[in-house]
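Note sheet for the following structure.
None of the figures in this text is laboratory data; all of them are computed from the coordinates on show. Since the model is a prediction, treat every value here as computed from it, not as a measurement. Note that each Cβ is placed from the backbone with ideal geometry, even for glycine, and that neighbours are counted across all protein chains shown.
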Amino acid sequence: MSSVKHCRPAPRLPSRFLPLPLPLASVKLLGLAAKDRSFSVHNHTGPDIYQKIEPDFTVLNAVEKQLGWNLTEPFVFCQTRMRDTDQLSKDILPRGKLAKLIEAVAREVKVVLLSFHTGRWLDSYSEFENYPNCFRYPCKSFPEQACLIHFAKHCLFFTEGDFGSQIYVPPFLGKDVTAIAPSTVYRIGSTPIDLWNRNLFRFGGQIIPKVSEEVFASKNNMMKVVIDTLN
């Protein structure tokens, strides 16, 4: 993937919407500390200039060895955002229906399920059960996550409690991400999705928000998400 040669200026946004340089932001984006300062979403030549993140492909062989197959094969990349502490939204995703959605995708294509858990009480984490044709990947670094996102056919993220800034990662890598969350998460006020899609995510990727109550209201609704994910 070629790097962005010209970073586009973005309108000045409230400070709570401004991304931090990735080494700090990645603590929230991935849940793991990233010390490599070569990854940054912010071009410091201007106050509100953003740039595409280019993956570090030096980890590619290690990622493929862990999975047991090449990332050139089609797959969907999934990640969750969960936290055990008190959350702004009390609604949780229906685990049984979430499993059926993942299983439906996995019947058509490989699915990589990213897992990470720092062990720190206040950190969010990602974890999944075992499903057929799904490959759980224990992620330890941002370069691994970025490689998986880069090669994925589509990214399918699930979040509860709050929207979770890790959902911003695929668009900064130029990839679309379907985000499924309870309706109360979208009403918190911490999800400026239209603002980010319109003004910041201009690198080829967008956030595609879905309300979990609507997605899981019927089999037809769920299968529409599956079809959109695969196309």
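Each of the peptides 176-182, 92-98, 72-78, 53-59 was scored by the mean count of other Cβ atoms within 10 Å over its residues; in descending order, highest first, they stand as 176-182, 72-78, 53-59, 92-98. Shown is the FRET efficiency for Arg198 and Asn220, computed with R0 = 22 Å from the Cβ-Cβ distance and rounded to the nearest 0.05: 0.15. Take the Cα of Glu213, step 7 Å toward its Cβ, do the same at Leu230, and the gap between the two points is 2.9 nm.
Count Lys and Arg as plus one, Asp and Glu as minus one, and take only other residues whose Cβ is under 10 Å from that of Val215; the net charge is then +1. The slack between Arg107 and Ala62, meaning 0.36 nm per residue of separation minus the straight C-alpha distance, is 13.6 nm.
Working from label points 7 Å from Cα in the Cα-to-Cβ sense, the Glu127 to Ile92 distance is 1.1 nm.
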